[in-house]
Each structure stands twice: as structure tokens, then as C-alpha cells.
Amino acid sequence: MKRGGYVYILTNKWKTFLYVGVTSSLATRLTEHKEKIHPESFTAKYQCDVLVYHKGFHHIEEAIDEETRLKGLSRTKKIAIIEKLNPDWDDLFSSLEE
């Protein structure tokens, strides 16, 4: 997926916050979240480093459009999307293949 992108949802270990993001390199970006390289960011502040959802796209513009759509959804709808793919809210980071 050279020119593609990914949309993803992170949460914290208590599942109290949801963060929707987009990137061209999912494994790299997730490593940055887990290592909290931006200590003042939302994900660092609220300890959002559990990958509960991700979807790949052939073009980064499609991923950006999906990120925008997901950000506009209610928490209830985001949870439904997560639970359709990942009903146990497992951290999907270790299963990533780019």
C-alpha cells in the first residue's frame, strides 16, 4: 500500500477515550503513540495507545475522508464499528502487517 493510508481508532486501557487518526504508515505511527513522543498530545495525555480498529485504503485521500466521517459519528456508533471488527477490544498492534 505504497500511496495508501490507514484510518485507526485508539483507546486507553479503561476504554474511556476514543481517538480517531489517519496515517500513511500505521506501524510507525502506532509506535509513536505507544512511546508518547509528543507528550503534550491528546493520546499521550489520556494514555490512548490501544489499537482497537484500523482499515487500509489504496489512496491516502480515502483514508482522510474516512477519518473525517468517523470523527463525525457519535461515540455509540464508533463503538459499534469497533465491536463489529474487534468485539473484545483487543490491542491489534501486534497483528499489524504493512
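Computed from the coordinates by the stated procedures, all read-outs in this text should not be read as laboratory data. Predicted model, so just to flag it, every value in this text is computed and none were measured. For neighbour counting, all protein chains shown are included, and Cβ atoms are generated from backbone atoms with ideal geometry for every residue, glycine included.
Of note:
- In order through the range 35-47: 3J(HN,Hα) via Karplus (6.51 cos²θ - 1.76 cosθ + 1.60), integer Hz, x for Gly, Pro: 8, 6, 5, 10, x, 8, 6, 4, 5, 6, 4, 9, 6
- Too-long pairs where the Cα-Cα distance tops 19 Å, listed order kept, from LYS13/LYS78; LYS13/LYS45; LYS45/LYS77; LYS15/LYS84: LYS45/LYS77
- Whole-Hz Karplus values for the range 8-23 come out as 8, 10, 10, 9, 9, 5, 9, 6, 8, 10, 10, 10, 9, x, 9, 7 Hz, taken residue by residue from phi with 6.51 cos²θ - 1.76 cosθ + 1.60 and θ = phi - 60°; glycine and proline positions read x.
- Of the GluC sites (Glu not before Pro) found in the range 6-64, those that fall in a DSSP loop while having at most 16 other beta-carbon atoms within 10 Å are GLU40.
- Shown here for the range 10-63: trypsin sites (Lys or Arg not before Pro) in loop regions (DSSP other than H, G, I, E, B) with at most 16 other Cβ atoms within 10 Å, namely LYS13, LYS15, LYS36.
- Helix-only [θ]222 nm of the chain, DSSP H runs n ≥ 4, -39500 (n - 2.57) each, per residue, nearest 500: -11000 deg cm²/dmol
- Among 46-54, 73-81, sorting by the average number of other beta carbon atoms lying within 10 angstrom of each residue, highest first, gives 46-54, 73-81.
- Phi-based couplings in Hz for the range 69-83 (Karplus 6.51, -1.76, 1.60; Gly and Pro marked x): 4, 5, 4, x, 7, 6, 4, 4, 5, 5, 4, 4, 5, 4, 6
- The chain: relative contact order in percent, alpha carbon pairs under 8 Å with at least 6 residues between: 36 percent
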